[in-house]
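To start, the structure itself, in structure tokens.
Every read-out reported here was derived from the displayed coordinates using simple, explicitly stated rules and does not represent laboratory data. Quick caveat: nothing in here was measured; it's all calculated off a predicted structure. Cβ coordinates were reconstructed from backbone atoms using ideal geometry, including for glycine residues, and neighbour counts include every protein chain displayed.
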Amino acid sequence: MEGAARVALATTVRDESADFVALVQAELPGAYRLAGYLLGGAEDADDATCEAVARAWQARGKLRDPDRFAAWFGRIVSNVCYDRLRQRRGIRTIEIEDGMTADPVARDPFRDALARDEVGRLIRRLPPDQQVVVGLRFWRDLSLDEIAERLDLPLGTVKSRLHYAMRSLRKDLDRQGKVSR
Amino acid sequence: MKHDDELDRDLDLESRMHRISQDPEPQVPGRVYTFVQSVASGAEGSYGPARSKLRPLAGTRLLRMPKLVALTGLAAAVVLAVAGTLLVTTPRPNEPAATPRHPDLWSALEWHDITATAFPASSQPGSEGITIGTSVIVWNGGLLADIGGSLWSSTDGQTWHPVGGAPALDNVLATKDWLFGIGLQCPVGSPSTCSSEGSIWHSADGVAWESVQAPFSGDFLVSYAASNTSVVMLASPITSGSDPGWSPTTPYVSSDGATWAKATVPADMAGATQANVTSTRAGFVVSGFVADPAGDIEWGGENASGQFSVKGFERYWFSADGLAWSTYDPGPAVGQAMRVYRGSLGDAMSPVLDGVHSADGLHWTLDETNLSQDAVGMIQESSDGTEILFQGEGPVFTIGLGDGRWQRLQNGGDIGSLPRGGQSWVVPGGVIYDGGGRVYYGKAVTGMTVTQTLHPGPTITLPPGPTLEPLPSISLAPAAGWSGLGVLQKLPDGPSGAESVAAWAHGYVAVRNAPAGGKITVWNSPDGRTWTGVPAATFTGSSAVVAAAGDSVVLASWNDGNGVWVSADGTDWTPSPIGKPPIGDRPMVGDGRGMVAVEDDPQYQLVYSGNGSDTWYTTTIPGASADNVQSIALSGDRFVAVGRMPGTSSGTWAPAAWTSTDGATWKQSLVSDAPGEGFVSILAGRNGFVATSKPANGGGTATLWSSPDGAAWHRVGTSMPLGPDAVFAGDGTHILGCDVVGGALSCWSSLDGEVWTSLPLQGDTSQLIAARTTLRVFPLRDGVLFVTADGVWFGQAAAH
């Protein structure tokens, strides 16, 4: 669940900066976690989180209600991840084998976690819009209502995306005989 | 209702999904916190150019953080326009002048929904709606797109036809004379478990496709691009478990799609990692990272040993033909990664923040216009060789020709609004937008002004409706409450597992939903006791609701296919002439005077109809959208919808109800004494309504409410032993609640939700008690239908 962020954005430059930092820092763990699992690596999580921070700072004037900062920033993070996932569609996916330890990029906590279960690999085959919904649902523990709010989507769309994502995953797992019956 | 094995599989899958992230949570690197500080201070912080690894994937638009930092001051002064409506912030010093209008560029897009006409229904790729894949390309006077894994062609962007026999492609690139296709996602040349994966394809006409032997085996295809005459692929070897992005790449080039040659490259290019290739009007450009301790860029990351970093330079190489490469300096305007879009007057990179353009594809200058205000939200670009389209959040669209000028396009047309979250492609004469499972075509217009927001107008296929007369008053005889039920009678052909039952003029219709991928089951009954199955082939969809419509009955389905059907006898069903309105996912209610339902997707509004069979209208709820609505009921002279709205305290929710006497205009009532909650269901009795509420975060215990009119609500105070989590149902006359209490099945009924009467049960209830988790109850005109997954029972009601 999202932590409540109730620090009012002040009007002076100095206060604005401090308040922005306070608001963002409260959201960084969740943002980093979502980006890491969605994008499949700590380095991409690092990049995406920073990009989201920069976008948020640029667009902070759009935020009229500071109490909504968590959801607002979460939407930016989701969109950054979506953009990156979508732009990846034209390339080969990188398959990470279990237990890879070669330096310098091995032992990435996100990659390790995703590689541990076939589901973690199959998620990356889903369309980006479905990946984002799956990530928010299972890795950010948001309710469907919260996801709808976060993505500015109708609840029905969120439901259908999750439905189709789970259906695809089940089919993929069925093909590999890895679903318990 | 899902079968047990389906539920088990879902639970297994969901638990596996959760387990992925149940390891100790990765800690946010300290440099990210440092970056936050530096951004907010408006100065370049210690994070500086020493960034974590940026993997320059093909098509990835990588924002260069130092530039972002430098631009933050400017960003504070921009005029922010979002979502088609102009939000003007207080002007700040140094606010840039308004973007000039360019009369020679497109000025607006007139949008139309082309889903129904663009794609032959019999050939549509999936019941979930139309979703265009990676690319829409303009080639030889036509268009090609991958849709649902299949290749489609069009001459105008508005009518499409499947290309029979084409392979499943992940992407298509075009040279002047031939097409290059990429199979689905797998390493090229490596063993694969999927038929079309790991393949590359060639076609001279877009119809006949030939598989091409990759010039490398076991390597990863990390990037590719096409020019007018050639295609270049970059391949990296897989070495000992390392990320191929950190391996050197080798370019291969082909001028015919069939034969490939290994390129000759300079020494530094041969050792470059993180490589990416793109094409400009002059040829090909590869960007890559060359490790060098004296480098001005530091790529970093974290591993089990902690943080690591590698210094080096971002380098570029150019080749006119893809074969011979030389070092290239695109100049300081170009960021770390190149992604070039071709326009009629030049090439352009992303117009956001650091947009640059080039007349010759070699020399780059900053754009006249930057679109930093669109940096939040979805960013997407496409080009058709003439126009370059930028899609920002909203969506809002900006067009350019590659000469550094960008023009925001106004959105007009005959749809209410464009759904968010879609993707767009520019094609000759317009823009194709794919969102919410539907496809829209925006016809480009030049030199005219349309309203800033889309015209208020019909959404999808449904027109906005008139304000109707209030529901005609009807003379209802006072309803008699029930005092008990007769001996339970098992119905051998009853609607086992039914999740909704509707009473209508000539009997009852019951619907059972199916697991994903299945189809609904529908039964018809003249009296609630004898039931007959309706042929399954009649309907599409795996979920449905059903409601009375006077002398007819209406069924709306969703999931695995939307549809609306009407029947005058409950047996023969006819698809509604309104086509495929996205009704679903919420209750639908009606009687002979009118019907109300909730759109499922994409516009998400209420729809209402006088008779449910021919004319439907859209309407909205003042101050809310239909996704605030959870349930609808009808009793007497009013429809009542319930859900939730933001509470009086910031950040909270409150239960909300809306009432309407005609289905078209609605009034809201907010229940302010239940902060943090939302109504989740409503049931109608003859003299009042019952609703349940739950904490809006989805957890917690439900609360039972009642209302005489749907507007004023209070918590039910009753000695009835049923909790709000019992099984409830209402048919507009009787509200029924049942639960297993103290090991016995206990049922109560009410006409108003306030006064409840216990209904003693007769007969064997053991099977109902055993199946309590699947038990549903439905009040019929003269009794109660008890439905479990395996059986159906009827109890005749005794009236007071």
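Per residue of B:28-38, other chain Cβ atoms within 10 Å of the residue Cβ number 6 on average.
The stretch between B:Gln762 and B:Ala116 holds 227.2 nm of extra length on full extension. This uses 0.36 nm per residue minus the Cα-Cα distance. Using a simple spin-label model with pseudo-atoms 7 Å out from Cα toward Cβ, B:Asp414 and B:Asp569 lie 3.7 nm apart. Taking other residues whose beta carbon is less than 14 angstrom from the beta carbon of B:Trp504, and scoring Lys, Arg as +1 and Asp, Glu as -1, yields -3. In terms of surrounding Cβ atoms within a 10 Å radius of their Cβ, B:Met645, B:Met269, B:Met720 rank from fewest to most as B:Met720, B:Met645, B:Met269. Note on B:Asp256 and A:Arg116: with the Förster distance fixed at 45 Å, the Cβ-Cβ geometry gives a FRET efficiency of about 0.50.
Distance between the 7 Å Cα→Cβ label points at A:Ser168 and B:Ala536: 2.6 nm.
Applying D = kT/(6 pi eta Rh) to the range B:756-800, where Rh is the Kirkwood radius over alpha-carbon pairs, T corresponds to 20 °C and eta to 1.002 mPa s, the Stokes-Einstein value obtained is 191 µm²/s.
The modelled label-to-label distance for the pair A:Leu144/B:Asp709, using points 7 Å beyond Cα in the direction of Cβ, is 3.4 nm.
When the listed pairs B:Lys176/B:Lys443; A:Lys171/B:Lys490; B:Lys490/B:Lys694; B:Lys176/B:Lys311; B:Lys490/B:Lys519 are checked against a 30 Å cut-off, the alpha-carbon distance exceeds it for A:Lys171/B:Lys490; B:Lys490/B:Lys694; B:Lys176/B:Lys311. Sorted fewest first by neighbouring Cβ atoms within 10 angstrom, B:Val642, B:Val163, B:Val39, B:Val755 come out as B:Val755, B:Val163, B:Val39, B:Val642. Within the range B:482-799, all pairs of alpha-carbon atoms sorted by distance into 20 Å bins from zero give the percentages 34, 60, 6. If R0 is 22 Å, the Cβ-Cβ spacing of B:Phe313 and B:Thr34 corresponds to a FRET efficiency of close to 0.40. A Förster radius of 60 Å combined with the Cβ-Cβ distance from B:Thr773 to B:Asp292 puts the calculated FRET efficiency at roughly 0.35. Look at the stretch A:31-37: the mean tally of other chain Cβ atoms within 10 Å of its residues' Cβ atoms is 3. Working from Cα pairs under 8 Å separated by at least six residues, relative contact order for the range B:482-799 is 16 percent. As a proxy for reagent exposure, A:Phe138, B:Phe397 were ordered by neighbouring Cβ count within 10 angstrom, fewest first; the result is A:Phe138, B:Phe397.
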